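Coordinate-derived values only; no laboratory data. Just so it is clear, the structure is predicted and the values come from calculations on it, not from any experiment. Virtual Cβ from ideal backbone geometry, glycine too; neighbours counted across all protein chains shown.
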Amino acid sequence: MISIYKTVVKKPKVLDNDNIQLKLLDIISEQSPGEKIKNLYNHSEVRIALNKLYNNKCAYCEQKIPEGYSERIDHFRPKNKIRKVDNHKGYWWLGYEWTNLLPTCEKCNIKKSNKFPLKNGENTRISDNLENEEFLQNKTFNFSNFKIDRLEKEERLLLKPEIDKVEEHLFFIPTGEIKYLTEKGEKSIEVYDLNRNSLILERRRIIDEVINDIIDIFSNYEQHTDLLKKLFKNKVEYTEEKDYSFFRFFIKYFFNSFVVLDLENLQFSDISKILINEYEKRITY
Ligand SMILES: [Zn+2]
């Protein structure tokens, strides 16, 4: 997960409030209104905007959505009944809300499902009495009240990349595992399942590739500086459009513990010495 500025991309026109007003009023008396939320949020205009914003990556685990697979659009606050919460129809009224839609891979989407835990249990949850909550006035949805600061009073426990500074909650270790610094971080790892085997292996694969490339570079060439620069640019730099960029950030800044130590363990201490040397010379990779 990395932090995202949602304002970078314009809200898709198809989610304009006038369209939404009618759609929501139409399902207001349904027993399960969330199940009637369809079409507009799934519109290609929305998908294109979300993919641009998230660089075709999952908002939670940062893996690239494989070609040929379609990302799933996750309702951050679930549109259907919330897991383990009785007498509440879910946040169906946010079903078409731009700030509530995130692109995810299939696995994260299935794992998160309808979970939305809060810090103080149910004490702070927005009720589904929308008139009392002032989201609905005179049979008209008051979208200006959907604003983030009102919603944030719930004290959610799940990290949202569009609001939270992810680095204050999560960090990585060289095995590829993700760890937490806060309760929000802990709950998010659990609910999004960010330590599932496939993700740990994929992150670790990046380090293994870097190490193998370094060994190759040093065994075949005397002039290694240019090749190292290329390697750093391709595999270690953590530009936003790369997959697992938050993990790559850790490889770059903790290069010693993430890569150099492994090289020493692999009996390449001559290489590791040169690497440390070059690193200290502040070569810009
Ligand atoms: Zn994912």
**Helical segments meeting 20 Å axial Cα length and Kyte-Doolittle 0.0 threshold in the chain (DSSP H)** = 197-220
**Message:** Quick check: residue separation of GLU152 and HIS88 times 0.36 nm, minus the Cα distance between them. What number comes out in nm?
**Reply:** 21.2 nm
**Request:** Obtain the nm distance between the two label points defined at PHE143 and ASN265 by a simple spin-label model: each point lies 7 Å from its Cα along the Cα-to-C-beta direction.
**Result:** 5.3
**Asked** Using 0.36 nm per residue, how much length does the chain from LEU22 to ILE173 gain when fully extended, once their Cα-Cα distance is taken away?
**Response** 49.5 nm
**Item:** Amide H within-cut-off set for PHE172, under 5 Å, with H built and near neighbours excluded
**Value:** LYS179
**Message:** I need the shape label for the chain. Rule: rounded when a/c is under 1.5, else prolate if a/b > b/c, else oblate, with a, b, c from the alpha carbon gyration tensor.
**Reply:** prolate
**Fill in**
Among region 1-41, those whose backbone N falls under 18 Å of a label point 7 Å along Cα→Cβ from ILE163 are 1-8
**Item:** Ranked list, fewest to most other Cβ atoms within 10 Å of each Cβ, for TRP98, TRP92
**Value:** TRP98, TRP92
**Fill in**
If R0 = 45 Å, then SER198 and LEU227, at their Cβ-Cβ distance, give a FRET efficiency to the nearest 0.05 of 0.90
